[in-house]
Amino acid sequence: MIAAFLFFFFLLTRPMVRYLRTLAEGLLTIAGGNLDYRLPMTNEDELGEVAKSINFMAEQLQEKMSRERQIENSKMELITSVSHDLRTPLTSIIGYLNLLKNDNYENLEEHKRYINNAYNKSQQLKKLIDDLFEYTRLTSGSANLSFTKIDLSNLLEQIINEFEPIAQENLLTVRTIRDQTPIYGYVDTEKMVRAIDNLLMNALKFSMKPGEITVRLSEEEQHIYFAVENMGKPISEEQEKQLFERFYKADPSRNDHHGSPGAGMGLSIAKNIVDLHGGRIGLNHQNGHFIFFIEISKIQPFSTRPHKLN
């Protein structure tokens with residue numbers, strides 16, 4: 001009886017012991033860094049549940065490490081992009097200052113031209129630094145929003161009045177389509193002006209010239225709709241998906257000679273501002289016809305505390 005018991009016990013427990021060894025070897029494989037490895041799901045009992053849990057753990061670790069790699073790559077891209085974008089105008093400034101320092105100019109007119117070029121490059125450098133500071137402030141959770149009820153129609157009119165002279169210099173006309181009645185909304189005025197201005201400047205840089213930029217503002221039951229339309233060089237669907245990512249430039253060659261190249265943060269800053277307002281920003285594009293739009297709620301936000309974005 002004892003021999004029979006031992007024989008049947010060994011016969012019945014052998015598959016279980018073998019599966020336990022498989023689990024142990026699988027854990028060692030995963031612990032060794034091979035997060036692609038998955039344990040076989042041959043059992044439907046408690047050991048099968050253990051294997052399922054181990055596989056789930058490996059998937060979670062793999063996703064976490066992938067996110068960490070993405071964050072690290074993003075940091076490196078940040079350093080590389082900022083270094084390149086800051087170095088370009090800085091190099092030009094140093095070059096012009098060296099020419100002036102060594103009196104390497106023929107006449108007063110050339111002297112003034114060097115000074116003017118150095119000044120323009122310094123303004124470009126300042127804008128890049130301001131954009132970087134604004135982006136980091138918006139995404140770090142330190143941005144304090146102060147919501148006030150304002151007439152967005154009046155605000156848009158002021159923005160367009162300041163924008164039109166710049167557009168005319170770039171052979172662009174501005175057409176505004178909006179309701180004649182006031183449209184009231186709860187926004188942080190300074191930040192919303194920044195978001196709208198970024199959309200307008202994006203249209204200015206990438207419009208066919210001569211051309212037209214159409215600005216729309218309308219009111220729906222629960223939302224306020226703002227849009228900027230322009231004709232430009234068509235882009236791919238993959239480029240559309242990345243337009244609102246930081247430092248992304250769909251096509252650097254699309255920058256015209258009138259506008260200074262930026263760091264690719266304008267649309268990303270606009271997106272973060274709209275997100276902080278609880279709104280939605282997006283793009284409708286077809287055959288070079290671009291419509292960048294912003295939708296915000298007409299309801300007053302519940303909180304004006306700092307917001308943290310992922």
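Restrict the check to segment 128-140 and report whether at least one residue is closer than 23 Å to Ile224 by Cα and surrounded by 17 or more Cβ atoms within 10 Å (Cβ to Cβ).
Here is the first cut: in segment 128-140, the ones closer than 23 Å to Ile224 by Cα are 138.
Those left that are additionally surrounded by 17 or more Cβ atoms within 10 Å (Cβ to Cβ): 138.
Yes, because at least one residue in segment 128-140 is closer than 23 Å to Ile224 by Cα and surrounded by 17 or more Cβ atoms within 10 Å (Cβ to Cβ).
Consider His223 against the criteria (1) over 23 Å from Asn287 (Cβ atoms); (2) in contact with a strand residue (DSSP E or B) (Cβ under 7 Å, 6 or more places away or on another chain); (3) of a type outside the set (S, T, N, Q); (4) modelled with pLDDT under 85: it satisfies all of them except one. Which criterion is unmet?
(4)
Taking Ile54, is it within 30 Å of Lys127 (Cα to Cα) and at pLDDT 75 or above?
When the stated conditions are applied, Ile54 does not pass them.
Just checking, which of Glu49, Glu68, Glu63 is of a type in the set (Asp, Glu), more than 33 Å from the chain's Cα centre (by Cα) and either exposed (fewer than 15 other Cβ atoms within 10 Å of the Cβ) or not assigned by TED's automatic domain parsing to the domain that holds Arg194 (or both)? Give the steps one after another, and end with the answer.
Numbers: Glu68 fails: more than 33 Å from the chain's Cα centre (by Cα); Glu63 fails: more than 33 Å from the chain's Cα centre (by Cα).
Exactly one of Glu49, Glu68, Glu63 is of a type in the set (Asp, Glu), more than 33 Å from the chain's Cα centre (by Cα) and either exposed (fewer than 15 other Cβ atoms within 10 Å of the Cβ) or not assigned by TED's automatic domain parsing to the domain that holds Arg194 (or both), namely Glu49.
Pairs, please: C-beta under 8 Å, at least 6 apart or cross-chain, first residue assigned by TED's automatic domain parsing to the domain that holds Ser122 and surrounded by 13 or more Cβ atoms within 10 Å (Cβ to Cβ) and in segment 91-103, second of a type in the set (A, V, I, L, M, F, W, C) and in a helix (DSSP H, G or I)?
That search, which allows pairs on different chains as well, returns Ser92/Ala118; Ile93/Ala118; Ile93/Leu125; Tyr96/Ile115; Tyr96/Ala118; Leu97/Ala118; Leu100/Ile115; Leu100/Ala118.
All but one of (1) modelled with pLDDT of 80 or more; (2) in a helix (DSSP H, G or I); (3) loosely packed, with under 15 Cβ neighbours inside 10 Å hold for Asn34; which doesn't?
The single condition Asn34 does not satisfy is (2).
So the check is Cβ under 7 Å with 6+ separation or different chains; which pairs have a first residue in segment 184-212 that's assigned by TED's automatic domain parsing to the domain that holds Arg280 and a second one that's in a loop (DSSP other than H, G, I, E, B) and among the aromatic types (Phe, Trp, Tyr)?
Every condition considered, the pairs that remain are Tyr186/Phe147; Val187/Phe147; Asp188/Phe147.
The values are calculated or read from the model by the stated rules, or taken from the named source; none is laboratory data. Treat the numbers as computed from the prediction; the structure is a model and nothing was measured. All Cβ positions, glycine included, derive from the backbone under ideal geometry; neighbour counts span all protein chains shown.
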